[in-house]
1. Output ³J(HN,Hα) for region 325-337: one whole-Hz value per residue in order, computed from phi by the Karplus curve 6.51 cos²θ - 1.76 cosθ + 1.60 with θ = phi - 60°, and x for Gly and Pro.
2. Please calculate how many Å² of accessible area region 196-348 carries per residue, with a 1.4 Å probe and no DNA, RNA or ligand atoms counted.
3. Give the peptides 320-326, 298-304 in descending order of average Cβ contacts within 10 Å, highest first.
4. Classify region 156-276 as rounded, prolate or oblate, taking a ≥ b ≥ c as the square roots of the eigenvalues of its Cα gyration tensor: rounded when a/c is under 1.5, otherwise prolate if a/b is larger than b/c and oblate if not.
5. When only the heavy atoms of the protein chains count and the probe is 1.4 Å, how do His93, His334, His53 rank by accessible area, highest first?
6. Would you mind calculating the gained length between Ala363 and Trp197 on full extension (0.36 nm times residue separation, minus the Cα-Cα distance), in nm to one decimal?
7. Please list Ile162, Ile84, Ile42 in order of solvent-accessible area, largest first, computed with a 1.4 Å probe with all protein chains present.
8. Using a 1.4 angstrom probe and counting only protein chains, how large is the accessible area of Val283 in Å², to 10?
Amino acid sequence: MAFPTQSSTRTGPRPLARFPGVPPALRHLGPNWYAAVMGTAIVATAGAALRPHLPVPRGAYVAVWALSAALLLVLLAARTAHWIHHADQARRHLLDPAVAPFYGCLAMALLAVGGGTLAVGPDVLGERAAVAVDAVLWCAGTATGLAAAAAVPYLMVTRHRIEAGTASPVWLLPLVAPMVSAALGPGLVPHLPAGQWQEAMLLACYALFGMSLLATLLVLPLVLARLIHHGPLPLALTPTLFLVLGPLGQSTTAVGNLADAAPGAVGAGYARAMSGFALLYGVPVTGFALLWLALATALVVRAARAGMTFSMTWWAFTFPVGTCVTGAAGLARHTGLTAFTWLAVGLFAVLVAAWLVAGVRTALGLARGQLLVPPPGKAGAAAPAAHAETAAAPAPLVPAGPETLAETAGAPAPLLTAAPAGEPRPAQP
């Protein structure tokens with residue numbers, strides 16, 4: 001892969017001086033930053049689901065939800081400015097197979113804040129306003145999620161150049177967005193007119209559930225095969241293994257919420273069947289989620305011992321774990337088993353700890369100017385070569401240019417290249 005070299009003739013994007021009101025760092029703000037919104041909003045939603053079992057003031061969840069809403073507004077404005085003033089970079093993100101899947105985070109950020117609005121927002125906005133805000137965000141997030149779920153695989157087939165054995169958990173991001181819609185849509189069912197409207201909404205959420213589930217089942221074997229045949233992910237990308245928990249926990253949450261919304265929306269027989277399905281599906285999937293959690297944790301500990309440093313991929317420790325909290329809380333609600341309640345409480349403690357660490361490290365990185373610096377390759381010809389060497393071990397994500405991996409992780413090159421990406425695997429005889 002050839003990298004651009006410095007030249008006396010400027011042929012690239014227009015100079016930033018043409019846009020004096022736009023901070024230069026905005027050029028390097030990728031769609032992965034929406035993960036911070038998702039990870040913050042799920043703390044409020046998961047906490048609200050466990051409210052009877054945790055001695056936490058309701059105002060704490062309201063404050064976290066308000067923070068997530070503020071972050072969403074700031075990022076929407078920043079990303080809009082990015083598309084207006086740095087359209088070339090935005091198009092490059094779409095054509096980069098390592099960055100394009102993060103557009104699913106936009107949809108999930110909208111949905112997560114909407115779900116938090118319905119869960120704890122009525123204390124501030126009132127019920128009618130909270131329902132209206134959630135309805136708008138759910139519709140916008142669902143439309144965006146469906147577009148991402150279709151467009152990103154299309155780009156992977158037609159425009160991206162993807163090598164064999166480079167599957168990444170990041171590929172799940174656009175596919176899990178419809179599952180988030182399926183999990184949060186049932187909250188709007190009681191606020192719709194009885195009859196056709198409620199039944200249509202309920203069945204539409206089941207369609208979104210199936211769409212996301214089947215697509216996830218196609219990608220998960222690729223991710224596991226990549227790990228088995230090519231070894232651990234690069235250190236900076238190791239936290240993305242937690243993304244696999246997203247569709248598992250969110251699908252368990254979805255079937256539980258759909259079962260809760262079924263009585264009155266569909267016939268009694270269908271409602272009983274949906275309640276049974278919530279258990280028959282949710283319990284085995286939760287078991288697999290715990291197995292994957294153990295595997296991912298072991299690999300993260302291995303990466304930490306090898307020198308893994310902070311990057312924006314650490315936000316993968318938040319939202320996926322939060323979906324497991326809401327899934328376990330739903331199982332506790334449907335079964336009455338204290339074991340599921342304790343599981344949800346334990347996972348919530350992990351979620352809060354991960355959110356605090358990721359939030360503090362992100363704030364410090366922004367304050368020190370470390371997270372939105374130009375990626376390697378802008379300073380000279382030597383940096384791109386070093387960056388390409390790091391991005392290629394042990395299995396490249398096939399970046400379209402020297403900026404890809406640093407922008408995907410949301411961190412400058414030193415955070416991604418300070419430690420070896422993985423150990424070489426012995427050759428087979």
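The values are calculated or read from the model by the stated rules, or taken from the named source; none is laboratory data. Here the structure is a predicted model, which means the values were calculated and not measured. Heads up, the Cβs are rebuilt from the backbone with ideal geometry, glycines too, and the neighbour counts pull from every protein chain shown. Heavy atoms of the whole protein, side chains included, go into the accessibility calculation; ligands, DNA and RNA do not. Shrake-Rupley method; radii C 1.70, N 1.55, O 1.52, S 1.80 Å.
1. In residue order, the calculated couplings are 5, 5, x, 5, 5, x, 5, 5, 5, 7, 9, x, 7 Hz.
2. Counting only protein heavy atoms, the per-residue value for region 196-348 is 40 Å².
3. The peptides rank, most packed first, as 320-326, 298-304.
4. prolate
5. Putting His93, His334, His53 in descending order of accessible area: His53, His334, His93.
6. Roughly 55.4 nm would be gained on extension.
7. Ile84, Ile162, Ile42
8. Using a 1.4 Å probe on the heavy atoms, I get roughly 60 Å².
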